[in-house]
Amino acid sequence: MQNYTDGYTRTCGLIGNPVKHTLSPLIHNALAEMAGVNLVYVPFEVEHAAVQDAVKGARALDILGLNVTIPHKSAVIPFLDDIDPLAKGIGAVNTLVRTPEGGFKGYNTDMTGLYRAIREEGVDFAGEAVVILGAGGVARPAAFLSASKGARKVYVLNRTFEKAEAVADEVNKAVYDMGREDKCTEDGLSAAGEAADYDKIIVPMKLEDYKKLYELEDRFIVLQCTSVGLFPDVNSTVIEDEEFYTHIIAAMDMIYRPLETKFLKMAGAAGAKTVSGLKMLLYQGVDAFELWNSDLDVKISKEQADEVYKSLVMEVTGATNIILEGFMGCGKTTVSEILADKLEIELIDTDEVIVDTEKRSVNEIFANEGEQYFRDLETELLRTIVEDHWRETVISLGGGLPLREENRELLRRAGKVVYLRTSPETVFARIKDDTTRPLLQTGDPLVRIKELQDERREIYEQAADIIIDTDDLTPEEIACEIVRQLGL
Ligand code: NAP
């Protein structure tokens, strides 16, 4: 089904500016393949002045659905035929769905996605106190969502207090209006706006006054909506005080680069449930996909969503492929098999690919064509992996492959390189009975192993993103450690 289009293909896309680095095509094209829907998803860069034309054009071209991203999430609203109450209260849409009349209805799946992500961890806002850190573009809808899903109180803490006040005023009013216009029970929204004291649901606070929270609430859910901790500023969090984290039931960071922010690390260490912003990104996509394909009754299962999440994690962490390097006897072959099995992804061994293509053994290639020829084949294979955008493959490297500088450069672009570091004594113990290794046909194999390792160690280390000392680990433990270190 992938990449197949015909006269029945459903077209969806994204309008925004910029859109070059969007992860949405990965989400939707994967979902289409999994759900067996003939659908393609394409990003369109749209200037601010052209938003109305883009919506009109999408209508004329019978585009099934659109996502809308920065900076058009509010600007697009006047050009819609209808708007979902949650999106209306938030004042921003990120998903356009065809109406039966041929126009578009706007939804905010950023927020339903956030909610679905947090619900999946068994956490709900109903009856809880929610603390929002920040008062920017994401904090406002997060405050509205929390209130509309029945939070008892929502505290908006911001460095610039006036902005927290403005968010509280706007959201309190929007919640009240929503409750007045429509009790919202149809959409599963609680009628938070019904509360007579609606104006007290959202409470603005100065960020520096966070300790005052403890007098008001013992335990709370925290939604981290500031930009503090975003890559490359990965060693910062907006509140550094460990005590704060001991009050947290569940913590969600809107940031997903890095996947585990310092905020999430500290919350996790204090025993809170943690949810990465990447889950919000995943579920805003899943919710949009289900809305677009509701006529086909498409429902994405947790297992399918997990599958897409794994691809997103690999993409975000740069581990588009997981590449294993190391000296002979380091366990590369066994570990790569376990890893591919565990992650349910493809596995290739560069030596095996070359042997299959050349239809002769490595020894024969070396003997007949020389080492240079073999190394050229390795470089060519790596270039194909990079240029053809190979994804989600465990790649076990021939021992000498990283020796070429050009290859190390290609490896950096191909994925995350894991060096399985093993001491000469362990290598010797593991391969001493193997009579097929030419290396061992010397007077003192251990000395030869040491010499070769000395030549290669620094190069392997240079090429590696992750180094694992394997001497005291089983192959299963090594595979688990790789998964852990990659955050998969
Ligand atoms: P924004 O409108 O620029 O707001 C930034 C917020 O961070 C403001 O409240 C600002 O406080 C606060 N802040 C910045 N630096 C600070 C510092 N040093 N100390 C304390 N507070 C600080 O940004 P946004 O659009 O709301 O986005 C917030 C984050 O969410 C971004 O990192 C973005 O990457 C992420 N995001 C994630 C998703 C997703 O799908 N997961 C979607 C959208 C955005 P002041 O008001 O005092 O300046």
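The values are calculated or read from the model by the stated rules, or taken from the named source; none is laboratory data. From a predicted model like this one, the values you see are computed outputs, not experimental measurements. All Cβ positions, glycine included, derive from the backbone under ideal geometry; neighbour counts span all protein chains shown. Protein only, heavy atoms only, side chains kept; ligands, DNA and RNA dropped before computing areas. Shrake-Rupley method; radii C 1.70, N 1.55, O 1.52, S 1.80 Å.
Of Gly106, Gly102, all but one fail to be surrounded by 18 or more Cβ atoms within 10 Å (Cβ to Cβ), in contact with an Asp or Glu (Cβ under 9 Å, 6 or more places away or on another chain) and of a type outside the set (Asp, Glu); the exception is Gly106. Please determine whether any residue of the stretch 47-58 is within 21 Å of Pro100 (Cβ to Cβ), assigned to a strand (DSSP E or B) and of a type in the set (Gly, Ala, Ser). Taking every residue of the stretch 47-58 in turn, none turns out to be within 21 Å of Pro100 (Cβ to Cβ), assigned to a strand (DSSP E or B) and of a type in the set (Gly, Ala, Ser).
Of the helices (runs of 4 or more DSSP H) lying entirely inside the stretch 70-156, those containing at least 2 residues that are touching a Pro at 6+ places or on another chain (Cβ under 8 Å) are 109-120.
Residue-by-condition table, conditions (1) part of a strand (DSSP E or B); (2) of a type in the set (A, V, I, L, M, F, W, C); (3) open to solvent by 20 Å² or more (accessible area, probe 1.4 Å):
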residue: Arg413; (1), (2), (3): no, no, yes
residue: Leu446; (1), (2), (3): no, yes, yes
residue: Ile467; (1), (2), (3): yes, yes, yes
residue: Asp471; (1), (2), (3): no, no, yes
residue: Ile478; (1), (2), (3): no, yes, no
residue: Gln485; (1), (2), (3): no, no, yes
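Could you say whether any residue in the stretch 195-207 is within 21 Å of Ala272 (Cα to Cα) and either at pLDDT 95 or above or in contact with an Asp or Glu (Cβ under 7 Å, 6 or more places away or on another chain) (or both)? So far as the stretch 195-207 goes, yes, one or more of its residues are within 21 Å of Ala272 (Cα to Cα) and either at pLDDT 95 or above or in contact with an Asp or Glu (Cβ under 7 Å, 6 or more places away or on another chain) (or both).
Here Asp297 clears all of (1) open to solvent by 30 Å² or more (accessible area, probe 1.4 Å); (2) modelled with pLDDT under 90; (3) on the phi > 0 side of the Ramachandran plot except the condition numbered (2). Checked against (1) open to solvent by less than 20 Å² (accessible area, probe 1.4 Å); (2) within 29 Å of Glu346 (Cα to Cα), Glu409 passes all but a single condition, namely (1). Annotation: of all residues in the stretch 240-263 being near the ligand (Cβ under 9 Å from one of its atoms) and either open to solvent by 10 Å² or more (accessible area, probe 1.4 Å) or part of a loop (DSSP other than H, G, I, E, B) (or both), the one that is nearest to Val167 (Cα to Cα) is Met254.
Taking Arg421 as the residue in question, decide whether it is open to solvent by 20 Å² or more (accessible area, probe 1.4 Å) and within 18 Å of Thr333 (Cβ to Cβ). Yes; evaluated as a whole, the condition is true for this residue.
Checking Val386, Val355 one by one, the residue that is in contact with a Lys or Arg (Cβ under 8 Å, 6 or more places away or on another chain), open to solvent by less than 50 Å² (accessible area, probe 1.4 Å) and either in a helix (DSSP H, G or I) or among the hydroxyl-bearing types (Ser, Thr, Tyr) (or both) is Val386 and no other. For the stretch 8-36, taking the residues that are polar (S, T, N, Q) and touching a residue at least 40 places away in the same chain (Cβ under 8 Å), the one that is surrounded by the most Cβ atoms within 10 Å (Cβ to Cβ) is identified as Ser24.
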